[in-house]
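Following: one structure in structure tokens, then a few remarks.
The values are calculated or read from the model by the stated rules, or taken from the named source; none is laboratory data. Please read these numbers as outputs of a predicted model, since none were measured by experiment. Glycine also receives a Cβ, built like all others from the backbone with ideal geometry; neighbour counts cover every protein chain displayed.
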Amino acid sequence: MIALIVSSLLVAMIIGIFTQMSAAYRTQQQVAELQQVLQASEATIEADLRQAGFRCAQGFTWAGSPASPISALTITDGGTGPQQPDQIAIFYGDPSAQAQVTAVPASGQPLTTVTVDAVDASWAIGDKVLFSVADPGVLGRLTFEATPPPEEPPTSDPNSGTATIPYYYACVLQISNINGTTISFSTVAPWGSASNAQCDVARRKIALPDKPAMLYKFVARAYRIDPTRKDLSVFQQSPSGALVANDWTDLGIGFTNFQIASRWYSAATGAGDNSDGDADAFRNWYSSTNQNFLSTADVLSGVTPADYSKSLGGATNSLEVPLQVSVSFVVRTTRHVVDGTVTGATPELQVAGNVDANDLGNSPKVQLAGVADASRPQELRGDNIYRYATIKVDTRNLGVNR
Amino acid sequence: MSRGRSHHAGFTLIEMMVVVAIIGVLSMLAWNLISPNLDPADSAEQASMLMRETARRATAGGAVRGDVVTNLGLAPKPPRTRLHVLATTPRKIAVERLQEDALPLHSANWIQIQSMTIPTEVKLVGWRPSAVLINGGGPSVLLNPTDEVVIQCYPTSQCDAATLYFDTSTGSSQQARAVLMPLGGSPVVYDSW
């Protein structure tokens, strides 16, 4: 009997160890999943942000807004407070698929066909293209600041004092047919209209041979957490940049927060605006609803080189230029944790005391340990492990020389 | 010389039966914990692990060589890896990588990296080319033994969305589905359709 008791204890102990190890393995497997999902999220949005504004740095027009340009970067803050995720829309021309326009219809005729030098093999009927004309004469050669911003080292290169930055007139069209080097465009909503008037301004700016129109594959992306399925916490992408209603597609689940902060150069608000406390009055981090009103779209008239100049004295126009975007994701396990290793609180995605002007966001942490499910936001219910990541990306096509 | 009762050490039949019964119960408990469970959810879980590996390998593998993309007509989204449900008996699910041939060739071949065999007790009934997060509907495409399914992953860390549906070959009511979401695979397994 003694032998039986001892062996029973041994078996029980072995079973206990096995159960614990299995639970730990499953937990670590879930954590590995989280890390992979976080990495994939970062990679996806980072690639878009790096190209944001390519050949449409001052915005673009489309059939849904033929007169007022859309900003190449649009941030919609969800609000200040816990669990109010943000939304971001990013637009650019994809330089890996491009063609030069060699002929357009005569002035006054609808822009329904163009001839190009060569059709990119990857283009297909239904693709959206960015029709973009670069005008280097609008802004002229810009002069660097006499005193560089505090975070930049002083330059000793005598040739780096000026740079020519083109002004882009851009609009969006949808391919309806390809015949040789002739491309036809849709005249049907949402991406076309009878005359494709969204391109009227851009086509008037064509001046061969120096200022041709170029076609690039148009890339539009918007990202958000689905506000209607909080229990699943679905991260979504809109392939139209949320310009077209209800075209969100699911990317992944378990995303409980998505915070955006952005750093902008603004000549107009520059004087005296140093709310982020970095001693640079022209470049500020914005992290709350103040981002909703920042725009790369030049809807003002009479933009002059002086408006773009970093000269501290002469800027009066309110065109803004994004320099960096900070993106934070919070992801939780999709199944409840089995070995009791749960997260006690969600991460703090803000700087306390300065929620409007920091490089994280405006979302305080939410206490989970000791708080009953019924008292938590729906997306934070259950015992889970949480992981988060923040990336900062330079918006190089938009922030040139800023 | 009397022959009294023998005092040799030993067990009675009752004692032996109790011991055997206890050992039997313990063994059964241990076996249930340790042995592979051949239910559909386990196969779905295994398939989801392969999905995750397919996504990871796509990111790690990087972009497909430009001349191969052109030659094979892979634009605009050249895949780097794929999850391949093979037409075999029993069913196999494989992770495959697109391996370019050395220049001057502009071709490439799918190379199998790893695979799983679905147990004969479990049946891969069908699939749906979208991520089904809410129960209902079941597969949109039923799979015959000779049918194959390909789910592609791209170097951008994204994969095609898909849902694989499993049940048992014996006709019991056990069901499971493995949902592959675009972002890095991020598969989820549900114990129902």
*Name every residue in segment A:352-383 that is crowded, with 19+ Cβ neighbours inside 10 Å and free of Cβ contacts under 8 Å to residues at least 60 places away in the same chain, in order of residue number.*
A:Leu368
_Every residue from segment A:244-265 that is of a type outside the set (Ser, Thr, Tyr) and surrounded by fewer than 22 Cβ atoms within 10 Å (Cβ to Cβ)_ = A:Val244, A:Ala245, A:Asn246, A:Asp247, A:Trp248, A:Asp250
_I'm checking my understanding of the structure. Among residues of segment A:4-41 that are surrounded by fewer than 13 Cβ atoms within 10 Å (Cβ to Cβ) and within 40 Å of the chain's Cα centre (by Cα), which one is farthest from B:Pro155 (Cα to Cα)?_
A:Tyr25
_Search result, residues across segment B:136-193 that are within 14 Å of chain A (Cβ to nearest Cβ), out of contact with any strand residue (DSSP E or B) (no Cβ under 6 Å at 6 or more places or on another chain) and over 30 Å from B:Ala60 (Cβ atoms)_ = none
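Rundown of residues vs (1) within 22 Å of A:Leu349 (Cβ to Cβ); (2) within 14 Å of chain B (Cβ to nearest Cβ); (3) without any contact (Cβ under 8 Å) to a residue 40 or more places away in the chain, yes/no style:
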position	(1), (2), (3)
A:Asp226	yes, yes, yes
A:Asp231	yes, yes, no
A:Ala245	no, no, yes
A:Ser262	yes, no, no
*asked:* Can you tell me which residue is surrounded by the fewest Cβ atoms within 10 Å (Cβ to Cβ) among those in segment A:337-351 that are part of a loop (DSSP other than H, G, I, E, B) and of a type in the set (Gly, Ala, Ser)?
replied: A:Gly340
*Is it true that some residue in segment B:184-191 is touching an Asp or Glu at 6+ places or on another chain (Cβ under 7 Å) and part of a strand (DSSP E or B)?*
yes
_segment B:1-55: number of residues that are at pLDDT 85 or above, under 25 Å from the mean Cα position of the chain (by Cα) and hydrophobic (A, V, I, L, M, F, W, C)_ = 7
